[in-house]
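Enquirer: Structure provided below as structure tokens; questions to follow.
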Amino acid sequence: EPKTVDVYHAAEQSGTKPPVGTKLNRPAIITLHNIYSKNGPEASAEEKEKFERKIEKKTKQMNAKFILMDTDIGIWKFEVDHFSRYGLDDDSDDEEEDENTNAAEEKMDFEEGVRGGR
């Protein structure tokens, strides 16, 4: 799926995902490429600043640590404690900053194998 990273999707569905802290299910720095606002790299400076603020907010909603959002080359980098499904859904392309919007990212609670996170 574009704009996301999901390492154990099939394993989670089958109940065979490794416990947190084992195999790849451990702390990591994730870099997503081609992450742009609606107008891409040609967006105005104001639109890019707004998009970067939105990405920082979304990163916090995922319980991840924001490292970098380079709006000129479309690089989003963040740190996670373990693998989950991280990223933006299509609704996150909206440039309106809505404080009441549900997190577009879905945190998975791998110990329970259900959505919701910790």
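The values are calculated or read from the model by the stated rules, or taken from the named source; none is laboratory data. Computed from a prediction, not measured in an experiment: that's the story for all the values here. Note that each Cβ is placed from the backbone with ideal geometry, even for glycine, and that neighbours are counted across all protein chains shown. Note: accessible area is taken over every heavy atom of the protein model, side chains too, but ligands, DNA and RNA are not part of it. Shrake-Rupley method; radii C 1.70, N 1.55, O 1.52, S 1.80 Å.
Enquirer: Which one of the conditions (1) modelled with pLDDT under 95; (2) open to solvent by 50 Å² or more (accessible area, probe 1.4 Å) does Ser92 fail to meet, given that it meets all the rest?
Expert: (2)
Enquirer: Next up: Pick out the one residue from Lys54, Lys48, Lys77 that is of a type in the set (D, E, K, R) and touching a helix residue (DSSP H, G or I) at 6+ places or on another chain (Cβ under 8 Å).
Expert: Among Lys54, Lys48, Lys77, only Lys54 is of a type in the set (D, E, K, R) and touching a helix residue (DSSP H, G or I) at 6+ places or on another chain (Cβ under 8 Å).
Enquirer: Separate question: Could you pull out the residue among Asn34, Asn39 that is on the phi > 0 side of the Ramachandran plot and at pLDDT 90 or above?
Expert: Of Asn34, Asn39, the one residue that is on the phi > 0 side of the Ramachandran plot and at pLDDT 90 or above is Asn34.
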